[in-house]
1. Of all helices (runs of 4 or more DSSP H) completely enclosed by region 107-178, which ones contain at least 3 residues that are farther than 30 Å from Ile90 by Cα and of a type outside the set (Lys, Arg)?
2. Give the residues of region 26-77 that are assigned to a loop (DSSP other than H, G, I, E, B) and either under 21 Å from Val103 (Cβ atoms) or in contact with a Cys (Cβ under 7 Å, 6 or more places away or on another chain) (or both), sorted by residue number.
3. I'm told Asp44 meets every condition in (1) out of contact with any Asp or Glu (no Cβ under 7 Å at 6 or more places or on another chain); (2) within 30 Å of Ile167 (Cα to Cα) except one. Can you identify the failing condition by its number?
4. Give the number of residues within region 179-212 that are near the ligand (Cβ under 9 Å from one of its atoms) and either part of a loop (DSSP other than H, G, I, E, B) or open to solvent by less than 60 Å² (accessible area, probe 1.4 Å) (or both).
5. Taking the conditions exactly as written (under 18 Å from Ile172 (Cα atoms) and in contact (Cβ under 8 Å) with a residue 24 or more places away in the chain), does Phe150 satisfy them or not?
6. Do the conditions hold for Glu110, that is, is it more than 10 Å from the ligand (Cβ to nearest atom), open to solvent by 40 Å² or more (accessible area, probe 1.4 Å) and modelled with pLDDT under 95?
7. So which pairs qualify, if the first residue must be in region 166-187 and within 11 Å of Leu144 (Cα to Cα), the second must be open to solvent by 40 Å² or more (accessible area, probe 1.4 Å) and among the β-branched types (Val, Ile, Thr), the Cβ gap must be under 9 Å, and the two must be at least 6 apart or on different chains?
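The values are calculated or read from the model by the stated rules, or taken from the named source; none is laboratory data. Values in this document were obtained by computation on a predicted structure and should not be read as measured data. Note that we place each Cβ from the backbone using ideal geometry, even for glycine, and neighbour counts take in every protein chain shown. Heads up: the accessible areas ignore ligands, DNA and RNA and are worked out on the full protein's heavy atoms, side chains in. Shrake-Rupley method; radii C 1.70, N 1.55, O 1.52, S 1.80 Å.
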Amino acid sequence: MNKDKRIKILSLLRDENPTPETELVYGSTFELLIAVMLSAQATDVSVNKATTKLYKIANSPEAILNLGGKGLKNYIKTIGLFNTKAANIIKTCELLIKEHDSVVPDTRPELEALPGVGRKTANVVLNTAFGQPTMAVDTHIFRLSNRIRFAPGKTVRQVEDKLIKVIPDEFILDAHHWLILHGRYICTARNPKCGACVIYDLCEFKQKKRDL
Ligand code: SF4
């Protein structure tokens, strides 16, 4: 796909949704971090359901440690992999208190040093909370980037690097949200909704069909 097409696609997605936001509900950087940790292989809806109750009781590293592993699990047990996620959240809270004065750090190395925080989670926090030009590639962005030839790559990292390289500065902060929402709701894994797609004319997917 050429540069002009990419710019047109991003412009159309921007016109459709000028101020995109994550669908995770959060009120602080700490709440965002925990929500993103919980969202691995889970829907944003299921995470929001759990965190709405959790954050009323505990929305700081200290308060979550007060709950303890067992108490925390009670709030997140409806979310997949909750045992592992609870253990990682407890360790992350301990580390935040010990090494960061209970403040979520704003650098990739420090974030990725937290238990349960991988590159993707760090990318979301750096982008959404700290306004850094990072690109968290999830299943939707990976599929969309390859399917429409926007930024093809065999691995998640290849797609991430390509996206960072080809997306102009003016779009980079919000591109993550535009691509994720387009992949999640329009260019879905099965039966993409080509008939409702604002970038239909620019899309390079050979099997695209208006009547799908
Ligand atoms: S036209 Fe179809 S395949 Fe192409 S981006 Fe839109 S929904 Fe996806």
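1. Numbers: elements: 108-112, 119-128, 139-147, 156-166.
Those helices (runs of 4 or more DSSP H) span 139-147, 156-166.
2. Start the filter on region 26-77 by keeping residues that are assigned to a loop (DSSP other than H, G, I, E, B), which leaves 26-28, 39-43, 58-60, 77.
Selection gives Tyr26, Gly27, Ser28, Ala58, Asn59, Ser60.
3. Checking Asp44 against (1) out of contact with any Asp or Glu (no Cβ under 7 Å at 6 or more places or on another chain); (2) within 30 Å of Ile167 (Cα to Cα), the one that fails is (1).
4. So the count comes out to 22.
5. Values: under 18 Å from Ile172 (Cα atoms): yes; in contact (Cβ under 8 Å) with a residue 24 or more places away in the chain: yes.
Yes; evaluated as a whole, the condition is true for this residue.
6. Numbers: more than 10 Å from the ligand (Cβ to nearest atom): yes; open to solvent by 40 Å² or more (accessible area, probe 1.4 Å): yes; modelled with pLDDT under 95: no.
In short, no.
7. His182/Val198; Gly183/Thr139; Ile186/Val198
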